[in-house]
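Peer 1: Below you will find the structure I want to go over with you.
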């Protein structure tokens, strides 16, 4: 499985998937009545920063950890601590898509593909719900599809590709990415391509609205 979409130093869907600190967090600029919300978001940012420091001790942005470092990180409770920190951060600031996105990126490079898919998908859904266009659209859904293939979940990959078409016009680069992902689905790719078109129709609904 190619990982070129995940090896950039950028943390947004256009060049996604590192454990770099989130670039779009929201921690200030709240009215006086929202001081509790602002405090929660600031605390969430602090917790995520701590988690990123722990992850940075075993792998740099866009890097894979050395096998012995990853094993030691798990055995010594480092991953459990990161999971707790990110979990609390996402609880305090559930509308910040950068947190599940970056955590999913780190999980992917740690080889925890099922968990990675869960958090990357969560980031896209948070963005869809909050209207944060930086984190959803064709490129983000392509990233979900790639994570799904890593996790050996081709049906999820297919739905993500359908959503990529639903969420906006595909660029030439998006279409190349789509073709590559379909190629990676193997010898049944033509059947899956037809099912992808059907899935897109199911996502968007009948053209006449009936």
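Peer 1: Please indicate, with yes or no, whether at least one residue in segment 74-95 is more than 28 Å from residue 54 (Cα to Cα) and in the same structural domain as residue 49 (by TED's automatic domain parsing). So that I can check it myself, show each step before the final result.
Peer 2: Taking segment 74-95 first, the residues more than 28 Å from residue 54 (Cα to Cα) are none.
No, there is no match, as no residue in segment 74-95 is more than 28 Å from residue 54 (Cα to Cα) and in the same structural domain as residue 49 (by TED's automatic domain parsing).
Peer 1: Inspect all residues belonging to segment 140-147 and state whether any of them is surrounded by fewer than 24 Cβ atoms within 10 Å (Cβ to Cβ), modelled with pLDDT of 90 or more and under 14 Å from the mean Cα position of the chain (by Cα).
Peer 2: No.
Peer 1: Cβ-Cβ below 6 Å, separation at least six or inter-chain, first residue in segment 153-164 and under 19 Å from residue 112 (Cα atoms), second surrounded by 23 or more Cβ atoms within 10 Å (Cβ to Cβ): which pairs?
Peer 2: As it stands, the answer is 156/148; 157/145; 157/148, since those pairs meet every condition given.
Peer 1: Which numbered condition in (1) modelled with pLDDT of 50 or more; (2) on the phi > 0 side of the Ramachandran plot is the only one that residue 60 fails?
Peer 2: Evaluating residue 60 over (1) modelled with pLDDT of 50 or more; (2) on the phi > 0 side of the Ramachandran plot leaves (2) as the failure.
Peer 1: I would also like to ask the following. If I ask for residues that are in a helix (DSSP H, G or I) and crowded, with 24+ Cβ neighbours inside 10 Å, which ones from segment 110-137 would you list? Let's see the steps before the verdict.
Peer 2: Step one: list which residues in segment 110-137 are in a helix (DSSP H, G or I), which gives 113-130, 133-135.
Listed by number, the residues that qualify are 116, 117, 120, 123, 124, 127, 135.
The values are calculated or read from the model by the stated rules, or taken from the named source; none is laboratory data. Since this is a predicted model, take the numbers as computed values, not measurements. Cβ atoms come from the backbone with ideal geometry, glycine included; neighbour counts cover every protein chain shown.
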